[in-house]
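Notes to accompany the following structure.
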Amino acid sequence: MNYVKEFSSRDIDKPFLFSYRRCPYAMRARMAMLSANISFDAYEISLRDKPEELIKLSPKATVPVLLYNNKVIDESLDIMLWAYAISDESNHLIILSQHEREVTDNLITVNDCEFKKQLDAYKYEPIENILVRDDLFKKGLLFLESLEICLGNHKFLIGNRVSFADIAIFPFIRQFAHVDIDRFTNIKLIKTKKWFELMGSDELFLRAMIRPEFTN
């Protein structure tokens, strides 16, 4: 992953990703592309001043947006699938059984729909509204409780190795945790907290979170 300062300075022969470092959708796209060993250029957008090129490629103007060979992919899960169709040497997707793929799909659907709405409500609720924030935190915990069950006797969501599900979901759990990290640290979901620590210290995540040398 090579950050470029300008859209025009990208290598046109390489995949190009409009990204935002802290966006969970962009995080999982970067993680998938890195784990697939894809060499790509990335551009760190400014939310206050989105580049015209981004808006032209994808009118909804959200990240991530991938451009390669005149093809545009502007959904993070589609970028992940595109990456693993090119290379899945780490076996994040290809070795999953039909049942494991169904579990993966169900977890991601709940994460991207119901949990994401709860996460946004919790994240943007004013800090002085203590009772409302408490209620929103408890609602978010329901999804984490399902992850606790899913983890069972293994380290990760679908077994003892990082899979598509872990990469797709972890960035959102990270965002939920960092709304109030002390509160998150005190939850009693031991397996989920251990999984959270493993994912957060994994080399793949650390590589995906390298700060660009410049901001746009």
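Values as computed for the structure displayed
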| item | result |
| --- | --- |
| Cα-projected label distance for LYS139 with ASP49, points at 7 Å along beta-carbon direction, nm | 3.7 nm |
| Distance violations [Cα-Cα > 18 Å] among LYS14/LYS50; LYS138/LYS193; LYS56/LYS123; LYS60/LYS123 | LYS14/LYS50; LYS56/LYS123; LYS60/LYS123 |
| Within the chain, helix-based [θ] at 222 nm, where runs of 4 or more DSSP H residues each add -39,500 (n - 2.57), nearest 500 | -16000 deg cm²/dmol |
| Tensor-based shape of the chain (alpha-carbon gyration tensor, a/c under 1.5 rounded, otherwise prolate or oblate) | oblate |
| Relative contact order (%) - segment 78-216, alpha-carbon pairs under 8 angstrom, separation at least six | 23 percent |
| Size of electric dipole in the chain: Cβ of Lys, Arg +1 and of Asp, Glu -1, about Cα centre, debye, nearest 20 | 320 debye |
| Which of THR185, THR192 has the fewest Cβ neighbours within 10 Å, and the rest in rising order | THR185, THR192 |
| Counting DSSP beta bridges with both ends in the chain, the antiparallel % (nearest 5) | 55 percent |
| Dipole moment magnitude, nearest 20 debye, segment 50-97 about Cα centre, only Lys, Arg, Asp, Glu C-beta charged | 180 debye |
| Prolate/oblate/rounded call for segment 2-91, Cα gyration tensor, a/c under 1.5 rounded | prolate |
| Cα gyration tensor shape of segment 98-203, rounded if a/c is under 1.5, else prolate or oblate by comparing a/b with b/c | prolate |
| Between helix 190-201 and the chain: long-axis angle, C-alpha atoms, 0 to 90°, nearest 10 | 20 degrees |
| Mean Cβ neighbour count within 10 Å, used as a protection proxy, ranking 146-157, 64-75 highest first | 64-75, 146-157 |
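Every number here is computed from the coordinates shown, using simple stated rules; none is lab data. Note that the structure is a prediction, hence the values are computed from the model and not measured. With ideal geometry, Cβ positions are generated from the backbone for all residues, glycine too; neighbour counts draw on all protein chains shown.
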